Amino acid sequence: MLAALVLGLAVSAPQCWDVYDGALRHSAAASHPAFVSYDERIRITEDEFPLVRSRAHIDYRDDGIARVLDERYNFEPLVTRHAEPGPPVIGPYGRNRNAWLPQDSDLPVIADVRSEGAVTCTLAETVMYKGRLSHHLIFSGGHVDDRPGVKEMWIDAKTSDVWKLIVSGPVVFADDPGSKTELADFEVELGYVGPYLLVNHVVWKCRRHEFSQYATYFAEYTMNAFSFPAELPASYFAQKTVAIP
């Protein structure tokens, strides 16, 4: 879902892309905990009727592996690279961070080159978001509407922290995992816990064709009780994946 942040999107309005690039450089240079442990509350409705209510505990490792204990599966450990609804941190991830960090070199920088493309970045407005003056970026054109990717971002005008983003991503329904995935807009909110900027609230909504009609699904995830263990047993992340009904 949030790996779209590491994509080099096409250039349009230099000011907007400068804000975007600054946010990625800031995220790449920020401190990243080796492990993040947290609790999650999950609520999903179908046509406004309760469908899923669950609790989960997640241990996330910085290489992208997560150990999930979910009430829906009797808290049996599930080791995965696809924690629901996504990682507790935003990208760039892993080795991709290095591409956004200053490189040691005696050679002067004579150009900043981007590939031309169809995606447009628009600096829509500067607004107060949760008490912080923030730039609102909107991405359009290309395949923004029909492929996974970043659609909007709210970036702190002073610190370059990302406070909120909207990304499109696939939703796979457990009752028919082989069916065509639906794209939904994930609204992702972040906040600081100690020195770390973490995802603490996510919602998505999508429509699904069922027989001769459509059903509307809404999901909300709330993350809390964050902690940052210095170490976790390697066995935590080597367990077999449980069978999900």
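Estimate the FRET efficiency between K158 and A225 by the formula 1/(1 + (r/R0)^6), using the beta-carbon distance for r and 30 Å for R0, to the nearest 0.05. All intermediate terms of the calculation are to be shown ahead of the outcome.
Values: r = 29 Å, r/R0 = 0.97.
Calculated transfer efficiency: 0.55.
Treat each spin label as a single point 7 Å out from the Cα along the C-beta direction, and report the F218 to A234 distance in nm.
4.7 nm
In what sequence, highest mean first, do 21-33, 83-95 appear when ranked by Cβ atoms within 10 angstrom?
83-95, 21-33
Could you tally the net charge around A184, taking each other residue with its Cβ under 12 Å from the Cβ of A184, Lys/Arg +1 and Asp/Glu -1? Before the final figure, lay out the partial values.
Working: positive: K151, K205, R207, R208; negative: E182, D185, E187.
Once all neighbours under 12 Å are counted, the net charge is +1.
Apply the Karplus curve 6.51 cos²θ - 1.76 cosθ + 1.60, θ = phi - 60°, to the phi angles in the range 81-93 and return the couplings in whole Hz, x for Gly and Pro.
9, 10, 5, 8, x, x, x, x, 10, 9, x, x, 10
We did not get these values from a lab; they are worked out from the coordinates using the rules stated. Everything numeric here is computed off the predicted structure, so don't read it as measured data. Glycine gets a Cβ as well: all are built from the backbone with ideal geometry, and neighbour counts include every protein chain shown.
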